[in-house]
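This report concerns only the one structure given below.
The values are calculated or read from the model by the stated rules, or taken from the named source; none is laboratory data. Please read all numbers here as calculations on a predicted model, not as lab measurements. Note that each Cβ is placed from the backbone with ideal geometry, even for glycine, and that neighbours are counted across all protein chains shown.
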Amino acid sequence: MLRRNMIKLVGAGVSVLATGSAAFAADMPAPFDNPGDVKIALVRYLSTGDFFQSYLSGVETQAAALGVDLRVLDSRQDAALQADMVDQAIALGVDGIIIQHGLTESIKEVAQRALDAGIKVVAFDVNVENPAIPQIEQSDYLLGKLALDQALEDNGDAFTAGYVYVPGIAPLDRRDVAWKEFKEANPNVTEAAMFGTLDNPIANAVANQARSVLQANPTINVVFAPFDEFAKGVKIAVDEAGLTDDIDIYSADVSTADISAMREPGSAWVATVATNPAVVGEVSVRTLALMLAGETPDASVVVPPTLITQKFLNDNDIKNMDELGAKMPQFQHADVSVADWIALPQR
């Protein structure tokens, strides 16, 4: 009854009994010696876009491999609702919580309440300002830096840039550090305009902004859009303006839809830097599992990213994430937060 009431209240709850088919290791530590009794919750702030669907898939498949009961709560970019959902998860008596994105000021107090209730917590791409909560991240700084290094290689050290950024979101703030350092190291790079929004649908909302920005700043020849939904929006505007030969887009994150967009004939989206979001989801669950088993992960649990260029995709005729993983084995699995007793998802 409590669970039904909670789902009715939040309007976005999903419960997945993740029993899985993977064989369990012989000596499972408590509480995983009775895995069906382990309950965890994923509380989401951002969910729109391929990245977040892939991340959710990774969480679900790793939870299934471990045989835990997974509850998924989606606040749809409502910060107050996300905090309420963490409280709901606490009331449900879950053993662990994954907090996925969000705003520091709205989530840090409720995260501490979860700890006070004896619940283990990990955070993905949100700074909860709590040393007891490991941060799962993709090395967002490196995501930004590798993309900008490629922009430098392609365009030299003197170009006019548009920059897509929304402050207050932890991964974007970390990528912004790379942008600031890049501008300082390359004074001939001009930032003509900064814009960005997380309004849904994100790509379309960014496209609306980019149309005006490109019209007002015709000298822009590079756009740094370090989130794939941002890059999609900029690409829409560039395509509509007929500027595909005049502007190069550099981004972060990747999905099958992104690969298709990058491989369109004459596409302005020339490079992205990414990890497999499904792998990041798996790492989030494994890190939480290690904590539930009594281990103490590092304060920062980093999944290393990789540069993916349009040329690489075309040269290898890569059409989807599976094919990308076949050509880049690091996309299939990250050797992060692993243990002999943790069953991995079947590939």
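Here are some residues: PHE32, PHE51. Which one is of a type outside the set (Asp, Glu), part of a helix (DSSP H, G or I) and modelled with pLDDT of 50 or more? It would help to see each step written out before you state the result.
Details: PHE32 fails: part of a helix (DSSP H, G or I).
PHE51 is the lone residue from the list that is of a type outside the set (Asp, Glu), part of a helix (DSSP H, G or I) and modelled with pLDDT of 50 or more.
Surrounded by fewer than 24 Cβ atoms within 10 Å (Cβ to Cβ), over 30 Å from THR61 (Cβ atoms) and not aromatic (Phe, Trp, Tyr): is that true of ASP298 in this structure? Break it down into steps so the answer makes sense when it comes.
On the way: surrounded by fewer than 24 Cβ atoms within 10 Å (Cβ to Cβ): yes; over 30 Å from THR61 (Cβ atoms): no; not aromatic (Phe, Trp, Tyr): yes.
No.
Within segment 143-262, which strands (runs of 3 or more DSSP E) (wholly inside it) include 1 or more residues that are closer than 24 Å to TYR45 by Cα and without any contact (Cβ under 8 Å) to a residue 24 or more places away in the chain? Write out each step before concluding.
Values: elements: 160-164, 190-195, 222-225, 248-252.
Here the list is empty.
Give just the number: which of (1) buried (at least 21 other Cβ atoms within 10 Å of the Cβ); (2) touching a Phe, Trp or Tyr at 6+ places or on another chain (Cβ under 9 Å) does GLN77 not satisfy?
Going through (1) buried (at least 21 other Cβ atoms within 10 Å of the Cβ); (2) touching a Phe, Trp or Tyr at 6+ places or on another chain (Cβ under 9 Å) one by one, GLN77 breaks only (1).
Which residues, counting only those in segment 47-67, are of a type in the set (Ser, Thr, Tyr), more than 10 Å from the chain's Cα centre (by Cα) and closer than 18 Å to VAL254 by Cβ? Let's see the steps before the verdict.
Initially, segment 47-67 is screened for residues of a type in the set (Ser, Thr, Tyr), giving 47-48, 54-55, 57, 61.
Applying the additional criterion that residues be more than 10 Å from the chain's Cα centre (by Cα) yields 48, 57, 61.
If the condition is that a residue be of a type in the set (Ser, Thr, Tyr), more than 10 Å from the chain's Cα centre (by Cα) and closer than 18 Å to VAL254 by Cβ, then THR48, SER57 are the ones that fit.
Since THR61 meets every condition but one in (1) among the hydroxyl-bearing types (Ser, Thr, Tyr); (2) farther than 21 Å from VAL128 by Cα; (3) in a loop (DSSP other than H, G, I, E, B), which condition does it not meet?
All conditions are met except number (3).
Inspect all residues belonging to segment 74-96 and state whether any of them is part of a helix (DSSP H, G or I), touching a Pro at 6+ places or on another chain (Cβ under 9 Å) and either β-branched (Val, Ile, Thr) or free of Cβ contacts under 8 Å to residues at least 12 places away in the same chain (or both).
First, the residues of segment 74-96 that are part of a helix (DSSP H, G or I): 79-92.
Of the ones still in play, those that are also touching a Pro at 6+ places or on another chain (Cβ under 9 Å) are none.
Looking for residues that are part of a helix (DSSP H, G or I), touching a Pro at 6+ places or on another chain (Cβ under 9 Å) and either β-branched (Val, Ile, Thr) or free of Cβ contacts under 8 Å to residues at least 12 places away in the same chain (or both), one finds none in segment 74-96, hence no.
Taking the residues in segment 288-347 that are of a type outside the set (A, V, I, L, M) and in a strand (DSSP E or B) as candidates, determine which candidate is nearest to GLN150 (Cα to Cα). If you could, list the steps in order and put the result at the bottom.
In the first step, residues of segment 288-347 are kept if they are of a type outside the set (A, V, I, L, M); the result is 294-298, 300, 304-306, 309-312, 314-317, 319-320, 322-323, 325, 327, 329-333, 335, 337, 340-341, 345-347.
Remaining after also requiring in a strand (DSSP E or B): 300, 306, 309.
Working: SER300: 26, THR306: 12, THR309: 9 Å.
Per the stated criteria, the residue is THR309.
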